[in-house]
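A.B. asks: Here it is: the structure, laid out below.
All of the numbers you see were taken from the coordinates with simple rules; none came from a lab. Given the structure is predicted, the values throughout are model-derived calculations rather than measurements. So basically every Cβ, Gly included, is an ideal-geometry build from the backbone, and we count neighbours across all protein chains shown.
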Amino acid sequence: MNHFSKITWIVPVLITLFGCQPRDKKNNHQTPDLSAVCPESDNIQSITRYLFFVDVKDLSNDSCMNHHYRCVKGTGEEEGVEWLSFSYYKDKDLAFVAETDWVDTTRIARITFLSANFQLRNGLPAVATFKEIKNELDTLKRKNYPDGSLEFYLKGDTSVIFTFDVTNNETLYYGYQAINEIPDTLRATSVVVFR
């Protein structure tokens, strides 16, 4: 093989391997492709998959999440027990809250999605009317709470709970006897996903 043939073969290989990847000029390191690891901005499964495996000490400055949201770190407290919480805002609206539990404050244990923009599997909206999502709810494993909250598990997944606020609904406030007592217009106020 002559000298010219070697160059015509080696140069394209070197360009492909090293020349086409962006570099950070400040420290001459390759800029990571965040789209490969960062969650989709409005997809519940994508966000939970990401946040459940990230160390919380890095969440306030996480470039993936801060690309779409503004994060405010806080502390939750109930009966003298504290845990970390991270509130994520899109524009001025609270989109979701990621929380550790009081036993392990290094990992996210629960994420509460509050925005109608979020979707679960097959485009199922997070905040929807009972009529829109009742076929996806496990109505046999329901949870009644006397504090004005009505909750249902997602069929086949007890880590996902749809929450309905019934504080202003005298009929449902203390529970219900039959599923047809729940009005189709009742709107879910959040989806909670547990680790």
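A.B. asks: Can you tell me which residue is surrounded by the most Cβ atoms within 10 Å (Cβ to Cβ) among those in segment 40-86 that are aliphatic (A, V, I, L, M) and assigned to a strand (DSSP E or B)?
C.D. replies: Narrowing segment 40-86 to residues aliphatic (A, V, I, L, M): 44, 47, 51, 54, 56, 59, 65, 72, 81, 84.
Applying the additional criterion that residues be assigned to a strand (DSSP E or B) yields 72, 81, 84.
Working: Val72: 13, Val81: 10, Leu84: 21.
So the residue we want is Leu84.
A.B. asks: Turning to a different aspect of this structure: Looking for whichever is free of Cβ contacts under 8 Å to residues at least 40 places away in the same chain, out of contact with any helix residue (DSSP H, G or I) (no Cβ under 8 Å at 6 or more places or on another chain) and polar (S, T, N, Q) here; the options are Thr171, Thr112, Thr167, Thr129. Which one fits? Full working, then the answer.
C.D. replies: Values: Thr171 fails: out of contact with any helix residue (DSSP H, G or I) (no Cβ under 8 Å at 6 or more places or on another chain); Thr112 fails: free of Cβ contacts under 8 Å to residues at least 40 places away in the same chain; Thr129 fails: free of Cβ contacts under 8 Å to residues at least 40 places away in the same chain.
Selected residue: Thr167, the only one of Thr171, Thr112, Thr167, Thr129 that is free of Cβ contacts under 8 Å to residues at least 40 places away in the same chain, out of contact with any helix residue (DSSP H, G or I) (no Cβ under 8 Å at 6 or more places or on another chain) and polar (S, T, N, Q).
A.B. asks: Against the condition touching a His at 6+ places or on another chain (Cβ under 9 Å) and either closer than 22 Å to Leu51 by Cα or surrounded by fewer than 16 Cβ atoms within 10 Å (Cβ to Cβ) (or both), how does Lys90 come out, does it pass?
C.D. replies: Details: touching a His at 6+ places or on another chain (Cβ under 9 Å): yes; either closer than 22 Å to Leu51 by Cα or surrounded by fewer than 16 Cβ atoms within 10 Å (Cβ to Cβ) (or both): yes.
In short, yes.
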